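Asker: If you scroll down you'll find the structure; I have some questions about it.
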Amino acid sequence: MREELYWFREAKYRTLKGKRGVQRCYNEMASRYDSSRYLYWTRRMEEGEEKAIEGWLRMLRPPILDVGSGTGRYAVRLADEGRETIALDISQGMMQQLKRRMKPSTPLYAVIGDGENIPLRDGCINSILCTLTFDHLQNPEKAAEEFSRVLRPRGLCIITTLNSHTLRETQKLMGIPRDKVPFRTEDMPPTLIHEVGHSAKEVEELLKPRGFKTIGVKGCCYWHIIPLPNYPLSLDKLLNTLKPLLKYAGIHATLLSKSHQ
């Protein structure tokens, strides 16, 4: 198991460039994404993120747009609760996995597309959820404009990102470029794709000019403080009470509201 946890040490990578590279990587990972032993740290990050935003999820009013929905870990759940949800993802393979999890009677709609060019009309969404996807976008400024365009006044937006501060340290230790992250599954070789981290402050700076106000910020996965494979996620809540430590969170979660104007 240790080899699978730390497979990225001295790995020989291929690099998939740009938006098409991200799309290809997730297409290749799709069938194994929820089960691969090589995605242990991805699972741990998702678990920490889910605990961090649990309370915020209850605040989202439908229709909800899940940008970068992947296999549907949030979209399927929201729809099962009866909340109309649109799952948007660039990867056809990931959307196929999501569709296998969909229940015919739930208000869930799967759309292939990306956050920089959302195929929806202006002001048709009450809430946006974008979890661990914003960092993959080639043009986050364009995505911020699109979020503002489709979201109704007073609508809520949850964005989770890899903290740029801790991500850069990790990339340096791994010897990979500052705009890349590694993935691997049993069926896909070690692969680098585009991902640039954003701190909560950087997210706020991108969204504020587009009419958004930050309501809350949380951190999770403080592995730079407690670097253990069995890091207890229960510590996140405690560490979040110590605001100076937010800088060391692996993931930043930001809750924003769009101006009524």
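Asker: Of these, Val217, Val196, which one is surrounded by 14 or more Cβ atoms within 10 Å (Cβ to Cβ), assigned to a loop (DSSP other than H, G, I, E, B) and under 16 Å from the mean Cα position of the chain (by Cα)? First the steps, then the outcome.
Answerer: Working: Val217 fails: assigned to a loop (DSSP other than H, G, I, E, B).
From the options Val217, Val196, the qualifying one is Val196.
Asker: Which residue pairs have Cβ atoms under 9 Å apart, sit 6 or more places apart or on different chains, and have a first residue in the range 185-211 that is at positive phi and a second that is surrounded by 17 or more Cβ atoms within 10 Å (Cβ to Cβ) and among the polar types (S, T, N, Q)?
Answerer: Gly211/Ser148
Asker: Here is a follow-up. Considering each of Ser35, Ser31 in turn, give the residue that is crowded, with 18+ Cβ neighbours inside 10 Å and not hydrophobic (A, V, I, L, M, F, W, C).
Answerer: Working: Ser35 fails: crowded, with 18+ Cβ neighbours inside 10 Å.
Exactly one residue qualifies, and that residue is Ser31.
Asker: With (1) at pLDDT below 90; (2) crowded, with 17+ Cβ neighbours inside 10 Å as the list, and Ile226 as the residue in question, which single condition is left unmet?
Answerer: Status for Ile226: all satisfied but (2).
Asker: Could I ask something else about it? Confirm whether Lys247 is in a helix (DSSP H, G or I), within 21 Å of the chain's Cα centre (by Cα) and within 17 Å of His198 (Cβ to Cβ). Lay out the reasoning, then the answer.
Answerer: Values: in a helix (DSSP H, G or I): yes; within 21 Å of the chain's Cα centre (by Cα): yes; within 17 Å of His198 (Cβ to Cβ): yes.
Criteria met by Lys247.
Asker: Based on this model, can you work out whether Thr185 counts as crowded, with 18+ Cβ neighbours inside 10 Å, of a type in the set (S, T, N, Q) and not in a loop (DSSP other than H, G, I, E, B)? Don't jump to the end; show me each part of the working.
Answerer: Numbers: crowded, with 18+ Cβ neighbours inside 10 Å: yes; of a type in the set (S, T, N, Q): yes; not in a loop (DSSP other than H, G, I, E, B): no.
No.
Asker: Could you run through the range 220-239 and say how many residues are touching a residue at least 24 places away in the same chain (Cβ under 8 Å), touching a Leu at 6+ places or on another chain (Cβ under 9 Å) and at negative phi?
Answerer: Number of matching residues: 3.
Asker: Out of the residues in the range 202-214 that are surrounded by fewer than 17 Cβ atoms within 10 Å (Cβ to Cβ) and out of contact with any Leu (no Cβ under 8 Å at 6 or more places or on another chain), state the one that is farthest from Thr254 (Cα to Cα).
Answerer: Pro209
The values are calculated or read from the model by the stated rules, or taken from the named source; none is laboratory data. Quantities reported herein were computed from a predicted structural model and do not represent experimental measurements. Heads up, the Cβs are rebuilt from the backbone with ideal geometry, glycines too, and the neighbour counts pull from every protein chain shown.
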